[in-house]
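**Q** Next up is a structure, given as structure tokens.
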Amino acid sequence: MNISFSYNNALTTEALTQYQAAVKAAQNELVQGTGLGNDFLGWLHLPTDIRSQLDDIQACANMLRSKCDIIVCIGIGGSYLGAKAVIEALSSSFAWLEGNKPAIVYAGQNISEDYLYELQSLLRDKKFGIISISKSGTTTEPALAFRLLKTQLEKQCGEAFAKECIICITDAKRGALRTLATQQGYKTFVIEDNIGGRFSVLSPVGLLPIACAGFDIYQLIDGATKMMELCGIDTPFEQNPAALYAATRNKLYADGKKIELLVNYHPKLHFMSEWWKQLYGESEGKENKGIFPASVDFTTDLHSMGQYIQEGERHLMETVISVLEPQYTLHFPHDEQNLDGLNFLAGKRIDHVNKMAELGTMIAHVDGGVPNMKIELPQINEYYLGQLIYFFEIACGISGYMLHVNPFNQPGVEAYKKNMFALLDKPGYEAESAAIKARL
Ligand code: PA5
């Protein structure tokens, strides 16, 4: 079984077929490396290319797991979201209360003083490890967190422990993190030049934290490899899930559906949506173009966003991640008194109720003018998450080329950094500092 994509509740086959040629052209650009940003296509073959590193990644994870109560993953954007998405999807919803060791926590994904203070308090008197992830090695948020936590670790657990339990994942040669790692003798893994942050989850960036959390990175890569085969250039259009997804969302976009909501019915997929939002938002949102990626967790958000989705402005499309089989089985009990009137559900699985909510919502939203795409995930496990990740990545590459943008750069991200550095009087930003302060 594999993950599958369906568009029946979004478009007719005739409407979709009009996009076949555009998809093919985009796929060719991607595979032949002739499109914009073609120096960032290393992720295309990552499922096969990364295999030779898996044992080393696993050995490093085993070492950290044996020595640390807590492992802090430092990174932001593509250097954080993929690992968090997979770890949350595979972990118990209450993992933080269950006391499993090592616990995985995150830093460098914000600059909140309270967050960092609370994290430092949590780590006090604990044996902890650090995975510091930054491709550029110069991003402010993770660099700031790294200095704080490295100092704490050295004081708390000693220089030798810190040296062993700090792992850096960064560029092979460039950047402050590489310089620091070399100088201190930390173990490192490399983010290849041709892999951008948001396409890096299947590299050590995602795989080391995932392995540290105790999940099977070999299965994850097997799943991604399978999806690579299923979405190959020779797969006919109507059988290629990524081609169909790219075509459907671009046709809907052309029809005025400017916002795509990624929907889940299992809250542990929440961060998969956060990862997806970065992947699509940063890849497509440029040159005043691009579908706005948003997400909702159902049925929770049916009681907050449901009204808007049903009856608000008609610029929405939905993509539902539908999980065929949950990990556990739970039947609803019979109650003699039936005061809540729910005996009609007695003996049924909770998942049956969830599935009927899913079906009922899909019909209501389609009736309300929100086209629905569906991605069926047989189960939430490493193998199918590997499939899902590669599916979204390759569909994103195709979709970006259909939009005629460079899906692999992110020039817009620099604007806030420039202003922040100017406001902080960073050396080298004197002119920008004067200019921005004059505006305040
Ligand atoms: O997708 C991207 O390239 C970005 O989101 C980066 O991953 C993010 O800005 C972090 O960059 P770095 O890994 O260089 O610290």
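The values are calculated or read from the model by the stated rules, or taken from the named source; none is laboratory data. Computed from a prediction, not measured in an experiment: that's the story for all the values here. Please note: Cβ atoms are built from the backbone with ideal geometry, for glycine as well, and neighbour counts cover all protein chains shown. What goes into the accessible areas is simple: the full protein's heavy atoms, side chains included, and nothing from ligands, DNA or RNA. Shrake-Rupley method; radii C 1.70, N 1.55, O 1.52, S 1.80 Å.
**Q** Going by the conditions given, is Cys212 open to solvent by 10 Å² or more (accessible area, probe 1.4 Å), within 20 Å of Ala61 (Cβ to Cβ) and in contact (Cβ under 8 Å) with a residue 24 or more places away in the chain?
**A** No; evaluated as a whole, the condition is false for this residue.
**Q** Is there a residue being open to solvent by less than 50 Å² (accessible area, probe 1.4 Å) and touching a residue at least 24 places away in the same chain (Cβ under 8 Å) anywhere in the range 326-346?
**A** Yes, the range 326-346 has at least one match.
**Q** Check whether at least one residue in the range 68-81 is closer than 16 Å to Pro209 by Cα, surrounded by fewer than 17 Cβ atoms within 10 Å (Cβ to Cβ), modelled with pLDDT of 95 or more and away from the ligand (no atom under 16 Å from the Cβ), and report yes or no.
**A** Taking every residue of the range 68-81 in turn, at least one turns out to be closer than 16 Å to Pro209 by Cα, surrounded by fewer than 17 Cβ atoms within 10 Å (Cβ to Cβ), modelled with pLDDT of 95 or more and away from the ligand (no atom under 16 Å from the Cβ).
**Q** Which one of Cys165, Cys231, Cys212 is over 21 Å from the mean Cα position of the chain (by Cα), more than 14 Å from the ligand (Cβ to nearest atom), at pLDDT 95 or above and not acidic (Asp, Glu)?
**A** Cys165
**Q** Exactly one of (1) modelled with pLDDT of 95 or more; (2) open to solvent by 10 Å² or more (accessible area, probe 1.4 Å); (3) away from the ligand (no atom under 16 Å from the Cβ); (4) out of contact with any strand residue (DSSP E or B) (no Cβ under 6 Å at 6 or more places or on another chain) is unmet by Ala89. Its number?
**A** That leaves (2) as the condition not met.
**Q** Hey, another quick one. Which helices (runs of 4 or more DSSP H) sit wholly inside the range 349-431 and have at least 1 residues that are within 30 Å of Leu144 (Cα to Cα), open to solvent by less than 40 Å² (accessible area, probe 1.4 Å) and within 16 Å of the ligand (Cβ to nearest atom)? Before you say what the answer is, go through the steps one by one.
**A** Values: elements: 350-367, 382-402, 414-423.
Here the list reads 382-402, 414-423.
**Q** With respect to Lys126, is the statement that it is away from the ligand (no atom under 16 Å from the Cβ), at pLDDT 95 or above, basic (Lys, Arg) and in a loop (DSSP other than H, G, I, E, B) true?
**A** So Lys126 passes the test.
**Q** Trp43: open to solvent by less than 10 Å² (accessible area, probe 1.4 Å) and within 30 Å of Gly137 (Cα to Cα), yes or no?
**A** So Trp43 passes the test.
**Q** Of the residues that sit in the range 282-325 and are open to solvent by 30 Å² or more (accessible area, probe 1.4 Å) and among the β-branched types (Val, Ile, Thr), which one is nearest to the ligand (Cβ to nearest atom)?
**A** Taking the candidates together, the pick is Thr300.
**Q** Checking Ala145 against (1) within 12 Å of the ligand (Cβ to nearest atom); (2) assigned to a loop (DSSP other than H, G, I, E, B); (3) farther than 28 Å from Leu46 by Cα, which test does it fail?
**A** (2)
**Q** Would you check if there is a residue in the range 184-193 being more than 16 Å from the ligand (Cβ to nearest atom) and of a type in the set (A, V, I, L, M)? Steps first, answer last, please.
**A** Here is the first cut: in the range 184-193, the ones more than 16 Å from the ligand (Cβ to nearest atom) are 184-187.
Checking the rest, the ones that are also of a type in the set (A, V, I, L, M) come to none.
Scanning the range 184-193, I find no residue that is more than 16 Å from the ligand (Cβ to nearest atom) and of a type in the set (A, V, I, L, M), so the answer is no.
**Q** A further question on this structure: Ile131 versus (1) at pLDDT 95 or above; (2) over 19 Å from the mean Cα position of the chain (by Cα): which is the lone unmet condition?
**A** The single condition Ile131 does not satisfy is (2).
**Q** Which ones in the range 135-187 are hydroxyl-bearing (Ser, Thr, Tyr), crowded, with 20+ Cβ neighbours inside 10 Å and touching a helix residue (DSSP H, G or I) at 6+ places or on another chain (Cβ under 6 Å)?
**A** Within the range 135-187, Thr170 is the sole residue that qualifies.
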